[in-house]
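Undergrad: Mind looking over this structure? Questions follow.
The values are calculated or read from the model by the stated rules, or taken from the named source; none is laboratory data. Note that the structure is predicted; figures quoted are calculated from it, not measured. All Cβ positions, even for glycine, are placed from backbone atoms using ideal geometry, and neighbour counts span all protein chains on display.
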Amino acid sequence: MTERIIPIADAHYNAGTPLVPASPVLATGKLADARARTLRDLRISVTDRCNFRCSYCMPPAVFDRNFQFLPHSSLLTFEEIERMARVFATHGVEKIRITGGEPLLRRNIEALIGMLAQVRTVHDRPVEITLTTNATLLARKAGALAAAGLRRVTVSLDALDDAVFRAMNGADFPVADVLAGIDAAATAGLRSIKVNMVVKRGVNDHEIVPMARHFRGSGHIVRFIEFMDVGASNGWRLDDVVPSTEVIARIDEQFPLEPVAAQYPGEVARRWRYADGSGEIGVISSVSQPFCSSCNRARLSTEGKLFTCLFATAGHDLRALLRGGYSDEQISGAISTLWSQRSDRYSEIRSEATSGLRRIEMSYIGG
Ligand code: SAM
Ligand code: SF4
Ligand code: SF4
């Protein structure tokens, strides 16, 4: 897939076809890629740092005390992020997810939420703002985030068993504090809270049913995520993946389930509901049932690189345009060029050969 990626610096400065068109482009909505997938979601990583060391994301042996995180000057400022969000919204983006690293570590993140809450879609509706967090700071911040305009939150929690969770997060952080964060989010008025659980065979798969049982009837939706081969450091092996069909079978045995239709095209999680009406769960099957054909997500890294796939090996430097005096229309043109050239479908073509590629880490690109 390396040849499909055109770093913006190459394309703009070195190659024949300039990425920034000579005449400004005024975006008016839907932007389709080379596989007719329209841009809808934007994920923005606001920091590459994290206070956890989840083995599947930032293994402690790699992200140790000598690891070089980005200097603050490299990060997009809140004003730059807001500007990018406005430009992306003109291309049909309706939903923005703030992520990282751990996004609540970014100082005054609620101010950014407040700025993004003002961004409007091409249909003149507010862009939906959501955030994914490990919840370590959620109990403290939920009220301020909600007041700033955050409406939804996704919390990551890989086990209810305290010892299993403490080991998986690599920071000895207790389950009780994550649950307190979830409660605080609900009290602050954040709706349809989702709980992400990455399932790794032999590590936490025995926690699938307890997690389902705990959150059944709570109104919160647990999403069971297949362990993915993101980045180049998590030692991924296919044998460690628990396919979503197995997850569903294990829960269904205890609490009968029935499928639910997707709410919108490109929905990542396949939805299931408890037959007794006690709520819903989701499965994200990036490995066993790839959903590239409807993938409508763009990712903006912590330092302003645009990635058109989670498994990309390189990004396109939009920060160079932001800081290089280009107009919104010119940046809009660059985004249009990049998205229209996009043909990524990594999960569909995953193989021995592709799993050896040197990919970007998820903590940097944004999960
Ligand atoms: N730190 C925040 C958190 O953990 O919620 C946000 C960033 S994290 C990279 C976003 C999501 O990616 C989390 O739900 C995490 O569990 C998931 N994730 C990270 N590495 C993964 C992997 N190798 N496979 C599947 N999901 C992964
Ligand atoms: Fe941090 Fe989230 Fe990655 Fe865990 S999954 S190491 S909490 S960024
Ligand atoms: Fe989208 Fe890439 Fe994931 Fe496929 S592999 S669903 S194109 S991010």
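Undergrad: Can you pull out the residues in region 278-295 that are out of contact with any strand residue (DSSP E or B) (no Cβ under 6 Å at 6 or more places or on another chain) and surrounded by 23 or more Cβ atoms within 10 Å (Cβ to Cβ)?
TA: Selection gives C295 alone.
Undergrad: Separate question: Quick one: what pairs do we get from region 318-338, first residue closer than 21 Å to A36 by Cβ, second among the charged types (D, E, K, R), C-beta under 6 Å, 6+ apart or different chains?
TA: none
Undergrad: With the condition kept exactly as written, say whether any residue in region 101-110 is in contact with a strand residue (DSSP E or B) (Cβ under 6 Å, 6 or more places away or on another chain) and among the acidic types (D, E).
TA: No, because not a single residue in region 101-110 is in contact with a strand residue (DSSP E or B) (Cβ under 6 Å, 6 or more places away or on another chain) and among the acidic types (D, E).
Undergrad: What residue, among those in region 218-232 that are away from ligand 2 (no atom under 14 Å from the Cβ) and part of a loop (DSSP other than H, G, I, E, B), is nearest to E246 (Cα to Cα)?
TA: Step by step, filter region 218-232, then rank; the result is D229.
Undergrad: Looking at this structure, is G101 of a type in the set (G, A, S) and either more than 20 Å from S336 (Cα to Cα) or assigned to a strand (DSSP E or B) (or both)?
TA: yes
Undergrad: Okay, next question. Here is a check on your reading of the model: is G217 on the phi > 0 side of the Ramachandran plot and either modelled with pLDDT of 95 or more or buried (at least 21 other Cβ atoms within 10 Å of the Cβ) (or both)?
TA: yes
Yes or no, residue by residue, for (1) closer than 27 Å to R323 by Cα; (2) buried (at least 18 other Cβ atoms within 10 Å of the Cβ); (3) within 16 Å of ligand 1 (Cβ to nearest atom); (4) of a type in the set (A, V, I, L, M):
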| residue | (1), (2), (3), (4) |
| --- | --- |
| A61 | no, no, yes, yes |
| S73 | yes, no, no, no |
| H91 | yes, yes, no, no |
| R106 | yes, yes, yes, no |
| T132 | no, yes, yes, no |
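Undergrad: May I pose another question? Scan region 272-314 for residues that are away from ligand 1 (no atom under 16 Å from the Cβ), in a loop (DSSP other than H, G, I, E, B), over 16 Å from the mean Cα position of the chain (by Cα) and closer than 27 Å to I349 by Cα and jot them down.
TA: T313, A314
Undergrad: Tell me which residues, restricted to region 108-130, are assigned to a strand (DSSP E or B), within 19 Å of R191 (Cβ to Cβ) and more than 16 Å from ligand 1 (Cβ to nearest atom).
TA: Scanning region 108-130 gives P126, E128.
Undergrad: Within the bounds of region 267-284, is there any residue that is at pLDDT 95 or above and under 22 Å from D33 (Cβ atoms)?
TA: Yes: region 267-284 contains one or more residues that are at pLDDT 95 or above and under 22 Å from D33 (Cβ atoms).
Undergrad: Looking only at region 37-56, count how many residues are within 11 Å of ligand 2 (Cβ to nearest atom) and not acidic (D, E).
TA: Result for region 37-56: 10.
Undergrad: Inspect all residues belonging to region 254-271 and state whether any of them is in a strand (DSSP E or B), more than 16 Å from ligand 2 (Cβ to nearest atom) and under 26 Å from M58 (Cα atoms).
TA: No, region 254-271 has no match at all.
Undergrad: Pairs please, first residue from region 208-219 and in contact (Cβ under 8 Å) with a residue 60 or more places away in the chain and of a type in the set (K, R), second anywhere and in a loop (DSSP other than H, G, I, E, B) and surrounded by 14 or more Cβ atoms within 10 Å (Cβ to Cβ), Cβ atoms under 7 Å, 6+ apart in sequence or on different chains.
TA: Within 7 Å, the pairs are R216/F255; R216/G279.
Undergrad: Out of the residues in region 63-120 that are among the acidic types (D, E) and over 15 Å from L131 (Cβ atoms), which is nearest to ligand 2 (Cβ to nearest atom)?
TA: Filtering region 63-120 for residues that are among the acidic types (D, E) and over 15 Å from L131 (Cβ atoms), the one nearest to ligand 2 (Cβ to nearest atom) comes out as D64.
Undergrad: Considering only residues that are modelled with pLDDT of 65 or more and surrounded by fewer than 19 Cβ atoms within 10 Å (Cβ to Cβ), which ones fall in region 22-48?
TA: Listed by number, the residues that qualify are T28, G29, K30, A32, A34, R35, A36, T38.
Undergrad: Residues to consider are I349, I365; find the one that is surrounded by fewer than 19 Cβ atoms within 10 Å (Cβ to Cβ), among the aliphatic types (A, V, I, L, M) and within 11 Å of ligand 3 (Cβ to nearest atom).
TA: So the residue among I349, I365 that is surrounded by fewer than 19 Cβ atoms within 10 Å (Cβ to Cβ), among the aliphatic types (A, V, I, L, M) and within 11 Å of ligand 3 (Cβ to nearest atom) is I349.
Undergrad: Does E110 fit the bill of being free of Cβ contacts under 8 Å to residues at least 60 places away in the same chain and acidic (D, E)?
TA: yes
Undergrad: Moving on to the next point. Quick one: which residue in P59, P103 is more than 16 Å from ligand 3 (Cβ to nearest atom) and at pLDDT below 95?
TA: P59
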